[in-house]
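Below: the structure, in structure tokens.
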Amino acid sequence: MTAAKTAVDWLVSAAPDPEVCRWEWERSPLGVALLPAGRAWDVLILPGELGCPTLDVVTRVLDRPGPVLVDSGDARTGFLVPPGTADRWLGTGIRTAGAGTWIVVPYPGRSTGRVRWLVTPDGSGTLTDPALLELAMHEAAADLARVRKD
């Protein structure tokens with residue numbers, strides 16, 4: 001099984017109707033589908049200025065972080081985290097998507113116009129640990145503050 005197929009299978013497992021999700025990916029000119037957060041993952045959405053530096057910190061610690069989305073212009077970065085994280089998140093300036101919300105998800109491995117994967121799902125269900133993500137955000141924010149100060 002290819003990596004993209006494994007990733008697709010994992011992503012559509014969160015859809016209320018996996019076949020409709022597959023159909024949207026195949027036939028939508030945008031190459032995206034809406035999937036519910038809160039089932040297989042929640043999403044922590046960081047401002048772009050903090051998102052990529054945080055991902056850099058996470059990848060220094062982990063060989064393979066969980067899936068990460070970015071919107072056009074890198075204005076927002078979304079880290080897929082375990083379900084329930086959005087309900088417990090207290091961080092200021094971080095948006096959350098949990099149960100009852102939907103996210104735009106591009107087909108794995110394909111480039112789309114508005115949303116793309118920075119870290120494509122591998123199909124294993126690996127998600128970013130929220131505690132590690134929080135520590136990485138603090139380190140990235142401190143690095144950004146040092147750069148601004150200099």
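Quick rundown of the values:
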| item | result |
| --- | --- |
| Options 104, 61; residue that is open to solvent by 40 Å² or more (accessible area, probe 1.4 Å), touching a residue at least 12 places away in the same chain (Cβ under 8 Å), of a type in the set (A, V, I, L, M, F, W, C) and within 20 Å of residue 21 (Cβ to Cβ) | 104 |
| Subset of segment 1-36 (residues that are among the aliphatic types (A, V, I, L, M), under 22 Å from residue 126 (Cβ atoms) and open to solvent by 70 Å² or more (accessible area, probe 1.4 Å)) | 1, 3 |
| Residues satisfying the stated conditions in segment 64-73, i.e. surrounded by 20 or more Cβ atoms within 10 Å (Cβ to Cβ) and not in a loop (DSSP other than H, G, I, E, B) | 68, 69, 70 |
| Within segment 37-58, considering residues that are open to solvent by 10 Å² or more (accessible area, probe 1.4 Å) and part of a strand (DSSP E or B), the one farthest from residue 128 (Cα to Cα) | 47 |
| Search result, residues across segment 11-31 that are aromatic (Phe, Trp, Tyr) and over 15 Å from residue 117 (Cα atoms) | 23 |
| Residue 131 vs. criteria small (Gly, Ala, Ser) and either surrounded by 14 or more Cβ atoms within 10 Å (Cβ to Cβ) or more than 26 Å from residue 28 (Cβ to Cβ) (or both) | yes |
| Test for residue 25: is it in a helix (DSSP H, G or I) and farther than 18 Å from residue 140 by Cα | yes |
| Residue within segment 14-22 that is touching a residue at least 12 places away in the same chain (Cβ under 8 Å), farther than 20 Å from residue 129 by Cβ and in a loop (DSSP other than H, G, I, E, B) present | yes |
| Pick from segment 79-138, criterion assigned to a strand (DSSP E or B) and among the basic types (Lys, Arg), ranking: farthest from the chain's Cα centre (by Cα) | 95 |
| Filter result for the condition that a residue is in contact with a Cys (Cβ under 8 Å, 6 or more places away or on another chain), open to solvent by 20 Å² or more (accessible area, probe 1.4 Å) and at pLDDT below 95, over 90, 144, 118 | 118 |
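The values are calculated or read from the model by the stated rules, or taken from the named source; none is laboratory data. Remember, it's a predicted structure, so these values are computed and weren't measured experimentally. Here the Cβ is made from the backbone with ideal geometry for all residues, glycine too, and neighbour counts use every protein chain on show. These area figures cover heavy atoms from the full protein model, side chains too; ligands, DNA and RNA do not enter into them. Shrake-Rupley method; radii C 1.70, N 1.55, O 1.52, S 1.80 Å.
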